[in-house]
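Each reported figure results from applying straightforward, stated rules to the coordinates on display, with no laboratory input. If you're wondering where the values come from, they're calculated on a predicted model, not measured in any experiment. Every residue, glycine as well, gets a Cβ built from its backbone with ideal geometry; the counts of neighbours run over all protein chains shown.
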Amino acid sequence: MDYEVNIGMEIHAELLTRSKVFCSCPVQFGAPPNTLVCPVCLGLPGALPVLNKRAVEFAITTALALNCGINRHSIFHRKNYYYPDLPKNYQISQYDSPIGIQGYLEIETEGGRKRIRIRRVHLEEDTGKLIHSGGRITGSDISFVDFNRSSVPLLEIVSEPDISSPEEAKEYLSNMRDILVFLGVCDGKMEEGSMRCEANISVRRKGSEKLGTKTELKNINSFRSVERALIYEINRQIDVVSRGGEVIQETRHWDEKNERTVSMRGKEEAHDYRYFPEPDLVPLEIKDEWIESLKSQIPELPDEKYERYKKLGLTPYEAKLLAHDLELSVFFDRTVDLYNNPKNIANWLLVDVTKELKDRNKVITETSFTPEIMVELLDLIDQGVISGRIAKDILPELIDRGVSPKKLVEEKGLIQITDISFILSAIDQVLRENAGVVEEYKKGKEKSFMFLVGQVMKLTRGRANPKLVNELLKKALG
Amino acid sequence: MTNLADLTAHELLGLISRKEVSPVDIVNSCINRIEMYESQVKAFLNIRDAETIINSIREDEPYSAIPIAIKDNMLVKGQPATCASKILSNFIAPYNATVIKKLIQNSFNIIGKTNLDEFAMGSSTENSAFYPTRNPWDLERVPGGSSGGSAASVAIGFSIWSLGSDTGGSIRQPASFCGVVGLKPTYGTVSRYGLVAFASSLDQIGPITKDVTDCALLYSFISGYDPNDSTSLNMPPYKFSPPKGDIKGLKIGLVKELMGEGVDPSVRACMDNSIKIFEDSGAIVEEVSLPHIEYSVPTYYILATAEASSNLARFDGVRYGLRANGKTAEEMMFNTRGEGFGPEVKRRIMLGTYVLSAGYYEAFYLKALKFRNLIADDFKKAFERFDVLISPTSPILPFKLGEKISNPLEMYLSDICTIPVNLAGIPAISIPCGFINNLPVGLQIMGPTFSESKLFEVSYGFEQATSFHKKRPQIGGS
């Protein structure tokens with residue numbers, strides 16, 4: 001391809017504070033319309049905003065995790081525009097002194113690790129939600145407004161246009177989500193709108209110094225659509241430029257259904273938001289001690305976990321899978337504290353446990369499974385009380401009911417058989433019933449041995465100690 | 001025999017505690033006044049019915065016997081709050097302003113909501129969307145504004161005292177025009193929560209009373225920190241103690257720039273007389289120059305309108321108030337604001353929108369902010385040399401209805417004496433200092449931030465040496 005692509009991302013993350021950013025109404029998803037409202041978030045006459053300290057802490061923490069500098073003196077601005085879901089017809093946001101500035105986030109690319117610079121991290125309030133009688137604003141007779149979301153704290157994270165491909169964009173977005181989730185500041189659910197993203201895209205001929213004209217892309221509501229929308233828009237722009245045309249600076253809407261981007265409004269219609277300092281709030285003075293204390297509370301993030309897991313002997317693949325899954329990695333860490341075989345634990349968690357979780361569409365903390373149960377199960381295998389096969393068979397029950405594996409195998413009579421005479425009698429029977437296979441084995445067909453092992457295991461309903469079966473069978477045949 | 005409605009609150013409280021008067025008689029005296037003169041003065045936009053007012057009297061709560069009137073831009077739960085605007089003509093306050101909560105906690109008897117210039121924008125109360133209020137001293141003349149209804153109500157005895165709000169002189173100028181006392185407190189000492197915002201960084205609620213003692217007393221009930229107002233200062237409320245009025249040795253600065261050409265000769269004569277009274281009481285009066293004060297009016301009209309253009313954006317017909325018809329949401333909002341706002345409000349919204357627009361922000365808004373600081377610095381420097389500063393409250397006498405309404409610029413310039421005080425955030429009081437042809441003239445005394453106690457002392461000293469505060473208007477020769 002003769003074109004270079006520059007993508008900048010703007011992410012909006014709803015913060016998981018208990019109350020809204022400028023009033024004490026609860027932040028909650030899915031409550032009946034207009035039940036989580038008060039004079040402040042309804043924009044009633046005379047009502048005044050009061051800044052939520054926790055929201056500021058979440059913003060500072062996130063900015064720090066993204067390697068940003070913190071503005072010690074940060075102010076809020078009013079962004080003025082009229083829209084029925086915006087009760088004051090201005091949004092309290094930040095303008096020229098956001099909480100965090102000049103950070104970066106690292107992503108994994110084909111060419112190795114790459115830094116995507118973060119321009120700013122700022123705090124603002126969310127709008128209400130419009131619900132149109134006809135589903136869409138055009139052609140609807142009536143629109144309803146739900147102000148439950150009004151004034152929910154939003155973190156806006158803006159990157160520099162350092163992203164060079166849709167894959168990188170997806171990686172950036174997914175790393176960003178993981179960081180927000182690990183910090184506990186956002187649940188990262190794009191489908192529920194608690195994390196939203198916009199992108200600006202431009203293309204230029206390879207080697208050209210100047211960035212091309214950018215378009216802004218809105219309405220990308222899932223990880224899947226990010227990649228697809230970007231691919232479409234990049235191809236569209238390359239198509240325009242390669243035919244000698246010019247890209248128009250404009251806002252475009254991702255049409256999910258028809259899988260294309262469509263023009264929303266041009267630059268000449270761009271808003272003049274008439275930003276000015278919010279006179280109802282005092283400047284935010286952020287002291288060094290506050291920053292230090294928040295810094296010390298930042299938990300281990302995916303990148304650090306990844307490095308640590310590799311040192312524990314996991315493969316890069318295993319380390320990455322675990323490091324980016326908050327619940328599973330916490331489970332893993334607690335299990336490693338109790339049972340000193342990280343590789344074994346990772347194997348169980350990433351294969352068998354993950355499969356069971358997928359079947360149930362649950363995360364591990366939503367089940368009855370605990371690190372203690374996991375360890376008890378692994379001990380039973382190590383001690384030869386049960387086989388790995390049996391362990392796998394009882395796993396679903398352990399996940400659903402959280403019972404003691406030891407008690408369960410006792411109750412069910414699943415304890416492994418190590419009684420040599422019992423195993424020998426089973427081998428005897430198998431050899432008698434499979435004389436043909438025995439012949440083949442003796443003629444040198446190695447595979448037949450495994451078949452015979454399987455038959456012995458089947459006869460003992462999986463309870464025979466596989467190692468013993470192997471040894472004894474070899475002897476019997478030899 | 002003295003009519004109870006002509007007495008001050010502290011006089012009436014004394015009579016009540018000595019059981020020389022029955023609370024019902026006081027309240028009835030005010031009700032009688034309203035019945036006699038309200039049809040001519042038009043101080044109120046909404047009066048509670050006599051029965052409710054009388055039923056609000058509590059035997060053991062003396063303040064329930066002292067009727068108070070509230071400017072109609074403060075929210076009293078369950079009562080209309082129109083701001084004298086068509087756009088809020090049907091709006092019933094769903095919550096209490098913090099000052100109202102404080103009054104209710106002390107059983108104050110709120111008898112009604114007073115007229116004002118629409119959204120407190122004006123100096124004559126002629127900008128009320130409903131009807132103008134008239135000056136009880138001369139019904140042909142304006143009572144000043146924007147708290148004209150509150151000042152007229154106190155002057156004529158409809159209420160014993162009242163609350164007004166002051167953004168550029170809206171308490172002091174009508175107090176001056178109506179021959180009563182009005183205080184604009186230090187910015188941040190009285191909560192703005194529940195005051196419908198005009199210009200957030202300048203607005204302040206304050207008392208309007210018949211004398212200085214009442215002013216101090218009422219101020220003690222409304223001042224104090226409010227967690228619902230982020231600009232409220234975290235300090236203990238003003239504690240009332242009867243002023244002594246000793247002003248011997250006090251250093252008073254006469255602001256040179258506020259005694260210039262625009263000052264009416266009769267007002268100048270009252271100022272000369274006032275200076276003599278101060279000097280006779282042992283104070284030292286010297287002229288002082290505050291060079292940047294002459295830029296106050298343009299500075300104010302940039303900052304106040306900028307904030308107002310944003311503060312008034314919420315009146316859009318979506319959630320409350322007037323809603324005009326329109327085919328789309330945008331058209332509905334457009335029509336609502338077109339029909340709902342009066343000409344002065346529209347003028348200021350347009351001016352404010354203009355000064356915040358891209359390309360003009362630096363030239364107007366930012367420059368005005370710089371001048372605001374210069375003006376505040378002028379005051380700071382002056383207070384290094386003087387205990388208080390004085391000037392006329394208004395350079396002109398109460399003017400006739402219709403005289404200035406067609407020339408907004410002339411009207412704006414008449415606020416030159418009061419505006420600098422709001423820009424600097426300092427407190428100032430207006431007290432009666434003379435009468436010209438039976439029209440009151442007001443003296444403005446300004447102090448450094450948090451010098452309310454001093455202002456009460458100085459003005460009480462002046463009051464003790466004069467009897468202007470004892471004069472009451474007569475209507476229709478009764």
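Okay, here's what the table says:
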quantity: Loop GluC sites (Glu not before Pro), the range A:77-186, which have at most 10 other Cβ atoms in a 10 Å radius of their Cβ (DSSP); calculated: A:Glu110
quantity: Loop-resident sites, the range B:233-323, for GluC sites (Glu not before Pro), counting at most 12 other Cβ within 10 Å (DSSP); calculated: B:Glu261
quantity: Residue mean of other protein chain beta carbons inside 10 Å, B:309-317; calculated: 6
quantity: Per-residue mean of C-beta atoms belonging to partner chains within 10 Å, peptide A:277-290; calculated: 3
quantity: Theoretical ellipticity at 222 nm over chain B - DSSP helices of four or more residues, -39500 (n - 2.57) apiece, nearest 500; calculated: -11000 deg cm²/dmol
quantity: Lys, Arg +1 and Asp, Glu -1 on Cβ, resulting dipole of chain B about Cα centre, debye, nearest 20; calculated: 600
quantity: Cross-link partners of B:Lys256 among lysines (Cα-Cα below 20 Å; sequence separation of 8 or more within a chain); calculated: B:Lys276, B:Lys380, B:Lys381
quantity: Whole-number percent relative contact order across chain A, with pairs defined as alpha carbons under 8 Å at least 6 apart; calculated: 13
quantity: Calculated [θ] (222 nm, deg cm²/dmol) that DSSP helices of n ≥ 4 give over chain A, each run adding -39,500 (n - 2.57); calculated: -12000 deg cm²/dmol
quantity: Low-density loop cleavage sites - GluC sites (Glu not before Pro) in the range A:276-311, where at most 10 other Cβ are within 10 Å (DSSP); calculated: none
quantity: Set of aspartates and glutamates near A:Lys407 by C-alpha distance (under 17 Å), chain-local residues within fewer than 8 positions excluded; calculated: A:Glu372, A:Glu376, A:Asp379, A:Asp382, A:Asp393, A:Glu397
quantity: Shielding by partners - mean other protein chain Cβ count within 10 Å, residues of A:70-83; calculated: 2
quantity: Antiparallel %, DSSP beta bridges [both residues in the protein assembly as shown], to 5; calculated: 80
quantity: Net charge over other residues, Cβ less than 11 angstrom from the Cβ of B:His469 (K, R count +1; D, E count -1); calculated: +1
quantity: Spatially near lysine pairs across the range B:1-109, Cα under 30 Å, sequence gap of 8 or more or different chains; calculated: 15
quantity: Relative contact order for chain B, counting Cα pairs under 8 Å that sit 6 or more residues apart, in percent; calculated: 17
quantity: All aspartates and glutamates inside 20 Å of B:Lys248 as judged from Cα atoms, apart from same-chain residues fewer than 8 positions distant; calculated: B:Asp272, B:Glu279, B:Asp280, B:Glu286, B:Glu287, B:Glu384, B:Asp387, B:Glu452, B:Glu457, B:Glu463
quantity: Listed pairs A:Lys406/A:Lys475; A:Lys305/A:Lys362; A:Lys20/A:Lys79; B:Lys184/B:Lys239 exceeding 28 Å between Cα atoms; calculated: A:Lys406/A:Lys475
quantity: FRET efficiency estimate (nearest 0.05) - Cβ-Cβ, B:Met235 to B:Arg268, R0 41 angstrom; calculated: 0.60
quantity: Net +/- balance of residues flanking B:Ser170 in space, Cβ distance below 11 Å, scoring K and R +1, D and E -1; calculated: -1
quantity: Backbone N within the range A:30-66 under 11 Å of label point (7 Å from A:Glu304 Cα along the Cβ vector); calculated: A:65
